[in-house]
Amino acid sequence: MLIKLTGGRIYDPANEVDGEVRDIFIENGRIVSPPPNPKVDHEYPVHGRVIMAGGIDPHSHIGGGKMTIARMMLPEDHIGQEFARTDITRAGVGYAIPSTMTAGYRYAEMGYTAAFEPAMLPSNARQAHMELADTAIIDKGAFAMLGSDDFFLRQLAAKSDFSAIKDYIAWTMHATQAIAVKVVNPGGISAFKFNQRKLDLDEKHTYYGVSPRDIIVTLARGLKELGVVHPIHIHGCNLGVPGGVETTLATIKGAEGLPIHLTHIQFHSYGTEGDMKFSSAAAQVAEAVNTNPNVSCDVGQVMFGQTCTASGDSMRQFVNTRSAYPKKWVVMDIECDAGCGVVPFKYRDKSFVNALQWAIGLELFLLINDPWRLFLTTDHPNGGPFTCYPHLIRLLMDKTFRQEMMQTINQDALKYSTLSTLDREYTLYEIAIMTRAGPARSLGLADRGHLGVGACADITVYDDNPDREAMFATPELLFKNGELIVRNGKIVKAVNGATHVARPSYDRSIERQLKPYFDDYNTVRMENFRLSDDEITDNGRGSLIIQPTKARVA
Amino acid sequence: MESEKSTNGANHYENVACPFCGMACDDLDIGPSGNGSLKVLKNGCARSVAGFERPFIEKSPEIDGKNVSLDEAIAAAARLIRDSRLPIFGGLGTDVEGTRAVMALAERGGGVVDHALSASVYRNVRVMQSSGWLTTTLTEARNRADLFIIAGSDINKSNPRFFERIVCNEASMFSDNPPKRTVIFLGEGLDQSAAKGERIGDVLTIPCKIDRIGEILDAMRAIQKGAAITADTIGGLPRATVEDLFARYKASTYGVIVWNPASFDFPGGDLTVQTICEFIKESNATSRFAGLSLGGNEGSPSVTAVCAWQSGYPLRVSYANGKPEYDAERYDATRLLASRESDLLVWLASFGDDLVPPDTDVPTIVLGTPGLKLKRQPKIFIPVGTPGVDHVGRAIRVDNVVSLPLRKLRQSKLPSAPDVLASIEAAL
């Protein structure tokens, strides 16, 4: 079947198309060249509409044990946000921590076609993928968490052969069906189990004698040499700590030019100036990002309201339990592998600290020059739910609106931020980079995030509404693999998305070290730890897309 | 998910995960023992032997006790559900796949979802929803803990290999010469026979009443906060005993309090869980200490988790009005049957033969093991296979992190519950 989208204005940064009026042809789920004598089966007149590839969220906590802990812990989040089953969609609930199917519907209704769970504990990978499989419509993928797991720390402490370390990284990616690797509070989650309460970049883990810097550099180099496209995804040390900016700057410097991705940098851009000893250091972080082309980042913007923070960073989350709202929380030490902390939180616009966090996020957006290295996230749900993205986009595109919002927040906070001096307004082209083309390129999604010939026909059609929040909240049309899924913000068809994975090569003999490790220490057999492909495809519930990796070096 | 080929001769399977308790031990060897029955060849326990070695029965579905075809049974079940005012989907002895199918059917049929062991699950859930906790998992405890306090629960019965695998294990990741472990049984009548071997140092029993454990932990919270306790007895124990318990906690580097919420079956039993958890949380201000809840039998961790990720709520969810509605009291299956607010019970028990429906004259559809020890003849009985025995599946372990693949270990004509439930849903 040949489908034609006629007369839309195309924003396709991957192909350097900036608002040109062009027709798009779709056949068999792909974008195709205009046929010489097209026999169009279905034409959608989209004159004057804004056309982008389907949105891609590179960092959103939507699947895995900590999310289900959050769902169970907070019925408050769901009450009043219940959705009945329809002929097309399943029932569900939720605002900040939606149920799985509902999360998928909300993404699709917002014009997104993929989201990536950034903190999959290898020991929890099976459950994470089962939850992602139950997340409707969108494609997904997951980043395996390494760096506080004992096997890796033992390798590092024993100064193991670097190729064996790479084999373990690659083995883990295969075993857990991951597309990338994340490190969370490098070594700190393990250190917390030994009763260390902080771990600075150059501080030694009390048992293993290695530092976060060692861990970051090893993983950054390992992934680069394995040819994994997405660089090490770093949730740094000292999240949320006033003065944490020093760690962030040192982390950038310490990467020594290796590619790194700094996630939710808003939480890592705090200075210590002023009466409250809490100030914005966004300008310093932005300058460091601007001058280091090996660095990419996402923001983790804070949005005001009730949410729930959920992180693998048990060390920092234990500290944050003091601010839990409502007053309840779960922290876990997990499987000689990782940890987690689930702490509900309410960001208040009249709070000095929360208002400044909000301002710092916006400053980072406005001060970092290259949207190809900066992705739009709220670190869902940590800074706020992903459903806030349209509001955030308006804050970035509409200076007048931004200034109005600034009037409503704690005014003292603005004194410690440069936000009020920033005039930048994002263009549609830049938004398309930050929300599609950039994440696709960074994650190595070969045929996503663009509208060139051969691309997967994941396409969003927006009304060019000057109210950008309204525009991005309710796209007119969403196509997934060439099928019409959403019309005027409502689901008209539900499908099952695919799972993106990456499979760098490794020497299978690493299992000769892993097998006795699992037998002696773990409570799961290595053979059962690995997820088979059949578990992802799951009798048609899912499908696998193996994204290319570059050639392995050594 | 094809089951892996056997590696040790015909139908001898290694690294088999066991679905018969919440620990889901996955190091079993299983082989055939004739007539379709199975034999646990390695790493068995009382529960796994009872589960795997049950006589193999292949029965026909029944309506009012008379054999019918599976299609007839499915069509009749669909009719009953369609005509029901408020069907209850109860029992729920099943795995992840089974729960997914139950949720889809309950949504479609406008019913209530509740697990047979919800009452004990809720002793934990209520605490999580009101104050939270700090917990650990099996591998972490196995390698790290130097003190285990077993609080009021006969773990040897609910999870027979817990001591062998987690407490008495010889190897520890963090030392070639790991220190001996202290094991304290807090509560009377607990079987401490499994706490033995090279790794085990002091084994103490503090024989208090189970329903007074909360008082003892509350006193320890007070001591921790610097309060002076002058009473001669605390929770029925001499004060010195509690002070000694506190001293042992203080001397540990990573202690773990273990409980099975099923053991706190008395009014306000959740408050005992809460006191344990609050003590643990407060302990972590300066040192490390963690909780570990066990039990988790009849698939309850899988069912609770899947229900939570799909509906947002941990069981006792009603779809009667289309939307998921959560009420831990109102949607208690036992209450709904007793008050006759429900007019149909759909009972699922695919693991053990003992998970029988409550004695009710409300019409009942049973999807159960062929040997299920039914007390009354149900309206419809559909024998189903056991996940991890007759068909593949996946189970979430009691520590709520790890899940295990369940394998098909024999050829069986018994349909799987997920398949039967999906067929019923399609027939609505």
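We did not get these values from a lab; they are worked out from the coordinates using the rules stated. Only a predicted model underlies this, so the values are computations on that prediction, with no experimental measurement involved. In this analysis, Cβ positions are derived from the backbone assuming ideal geometry, glycine residues included, and neighbour counts consider all displayed protein chains.
As a test of the definition: which semi-axes, in Å, follow for segment A:58-448 when you take the square root of five times each eigenvalue of its alpha carbon gyration tensor? Largest first, please.
For segment A:58-448, the semi-axes come out at 29, 25, 21 Å.
Treating only the Cβ of Lys, Arg, Asp and Glu as charged (+1, +1, -1, -1), what charge dipole size does segment B:122-293 show about its Cα centre? Round to the nearest 20 debye.
My answer is approximately 300 debye.
Starting from a Cα-only point model with no solvent, please compute log10 I(q)/I(0) by Debye for chain B at q = 0.08, 0.11, 0.12, 0.14 1/Å.
Scattering profile of chain B, log10 relative to I(0): -0.48, -0.86, -0.99, -1.23.
Can you tell me the 0 to 90 degree angle between the C-alpha axis of helix B:70-83 and the longest principal axis of chain B, rounded to 10?
Computed tilt is about 80 degrees.
State the volume of the convex hull built on the alpha-carbon positions of the protein assembly as shown, expressed per residue in Å³ and rounded to an integer.
166 Å³
Hey, rough spin-label estimate for A:Ser543 and A:Asn292, points 7 angstrom out along Cα→Cβ, what's it come to in nanometres?
4.0 nm
For A:Ala157 and A:Glu273, compute 0.36 nm times the residue count separating them, minus their Cα-Cα distance, and round to one decimal in nm.
That pair, A:Ala157 and A:Glu273, stretches by 38.0 nm at full extension.
What number in nm² do you get for segment B:1-144 if you take the convex hull of its Cα atoms and divide its surface by four?
Approximately 13.2 nm², given one-decimal rounding.
Apply the Karplus curve 6.51 cos²θ - 1.76 cosθ + 1.60, θ = phi - 60°, to the phi angles in segment A:302-315 and return the couplings in whole Hz, x for Gly and Pro.
7, 10, 6, x, 7, 8, 9, 8, 9, 8, x, 7, 4, 4
Treating the angle as unsigned and between 0 and 90°, give the value, to the nearest 10°, between the Cα long axis of helix B:300-311 and the longest Cα principal axis of chain B.
Approximately 70 degrees, to the nearest 10.
Enumerate the amide H contacts of A:Thr377 below 5 Å, restricted to partners 5 or more residues apart or on another chain; note that Pro and chain-start residues carry no placed amide H.
Residues meeting the criterion, in which the H sits 1.01 Å from N, are A:Val299, A:Gly300, A:Gln301.
Taking H as built 1.01 Å from N, whose amide H comes closer than 5 Å to the amide H of B:Leu348, not counting residues under 5 places away?
Hits under the 5 Å cutoff: B:Gly90, B:Gly91, B:Leu92, B:Gly93, B:Leu367.
How much net charge surrounds A:Leu367 when only other residues with a Cβ under 13 Å from its Cβ are counted (Lys, Arg +1; Asp, Glu -1)? Let's see the in-between values first.
Values: positive: A:Arg373, A:Arg424; negative: A:Glu287, A:Glu363, A:Asp370, A:Asp423.
That sum, taken over residues with Cβ under 13 Å, equals -2.
In whole Hz and in residue order, list the ³J(HN,Hα) couplings for segment B:243-260 that follow from phi through the Karplus curve 6.51 cos²θ - 1.76 cosθ + 1.60, θ = phi - 60°; x for Gly and Pro.
Once θ is set to phi - 60°, the couplings for segment B:243-260 become 5, 5, 4, 4, 5, 5, 4, 5, 7, 7, 9, 8, x, 10, 9, 10, 9, 10 Hz.
At a temperature of 10 °C and a viscosity of 1.306 mPa s, determine how fast segment A:467-508 diffuses translationally according to Stokes-Einstein, using the Kirkwood radius over alpha-carbon pairs as Rh; express D in µm²/s, rounded to the nearest whole number.
Values: Rh = 13.0 Å.
So the translational diffusion coefficient is about 122 µm²/s.
What are the ³J(HN,Hα) values, in whole Hz, obtained from phi via the Karplus relation 6.51 cos²θ - 1.76 cosθ + 1.60 with θ = phi - 60°, for each residue of segment B:226-239 in sequence order, with x given for Gly and Pro?
3J(HN,Hα) across segment B:226-239, in whole Hz: x, 6, 9, 9, 10, 4, 6, 10, 10, x, x, 10, x, 4.
Distance between Cα centroids, segment B:258-292 to segment B:376-428: provide it in whole Å.
Each part's Cα centre sits 33 Å from the other's.
In peptide A:515-523, what is the residue-averaged number of other protein chain Cβ atoms found within 10 Å of each Cβ? List each step's numbers first, then the result.
Values: counts 0, 1, 1, 2, 2, 6, 8, 7, 18.
Mean inter-chain Cβ contacts per residue within 10 Å come to 5.
Using amide H atoms built in the peptide plane, which far-off residues or other-chain residues are under 5 Å from B:Leu28 H to H?
Close amide H contacts, sequence-distant or interchain: B:Asn15, B:Val16.
Summarise the partner chain shielding of B:313-320 as one whole number: the mean count of Cβ atoms from other chains within 10 Å of each residue's Cβ.
2
Would you mind giving the mean number of other chain beta-carbons within 10 Å of the Cβ of each residue in B:136-146, as a whole number? Provide the component values of the computation, followed by the final result.
On the way: counts 7, 10, 4, 12, 12, 4, 5, 8, 5, 0, 0.
So the per-residue partner count for this stretch is 6.
Looking at B:Ser37, B:Ser60, B:Gly132, which one has the Cα that reaches farthest to the positive end of the dipole of segment B:1-146 (charges on Cβ: Lys, Arg +1; Asp, Glu -1)?
B:Gly132
Which angle from 0 to 90°, rounded to the nearest 10, does the C-alpha axis of helix B:269-283 make with the longest principal axis of chain B?
Computed tilt is about 50 degrees.
Under 12 Å from the Cβ of A:Ser420, count the other residues' Cβ atoms, weight Lys and Arg +1, Asp and Glu -1, and hand me the total.
Around A:Ser420, the charge tally is +1.
Hey, with R₀ at 35 Å, roughly what FRET efficiency would B:Lys42 and A:Ser505 work out to, going by the Cβ-Cβ distance, to 0.05? Present the calculation step by step, with values, prior to reporting the outcome.
Working: r = 35 Å, r/R0 = 0.99.
Approximately 0.50, to the nearest 0.05.
Mind checking the alpha-carbon convex hull of segment B:122-293 and giving the volume per residue in Å³?
107 Å³
Where the centroid of each part is defined by its Cα atoms, how far is segment B:91-158 from segment A:143-164 in Å?
32 Å
Please compute the net charge surrounding A:Tyr389, taking Lys and Arg as +1 and Asp and Glu as -1 over other residues with Cβ under 13 Å from its Cβ.
Details: positive: A:Arg106, A:Arg394, A:Arg436, A:Arg468; negative: A:Asp57, A:Glu109, A:Asp298, A:Asp379, A:Glu469.
Local charge sum for A:Tyr389: -1.
Roughly how big is segment A:53-155's charge dipole about its Cα centre, with Cβ charges of +1 (Lys, Arg) and -1 (Asp, Glu), in debye to the nearest 20?
160 debye
What is the percent of Cα-Cα separations in segment A:35-161 that go past 16 Å? Provide the component values of the computation, followed by the final result.
Numbers: 5644 of 8001 pairs.
More than 16 Å apart: 71 percent of the Cα pairs in segment A:35-161.
With just the Cα atoms of segment B:40-97, tell me how far they stretch along each of the three principal axes, in Å, largest first.
48, 26, 19
May I ask you to work out the translational diffusion coefficient for segment B:9-62 at 4 °C, viscosity 1.567 mPa s, via Stokes-Einstein with Rh from the Kirkwood sum over Cα pairs, reported in whole µm²/s?
Answer, rounded: 111 µm²/s.
Can you give the log10 of the normalised intensity I(q)/I(0) at q = 0.13, 0.14, 0.21, 0.23 Å⁻¹, computed with Debye over equal Cα scatterers of segment A:269-359?
-0.58, -0.67, -1.12, -1.17
Let's test this: bin the Cα-Cα distances of segment A:194-251 at 10 Å from zero up to the farthest pair and state each bin's percent.
Each 10 Å bin holds this share of Cα pairs: 21, 46, 29, 4.
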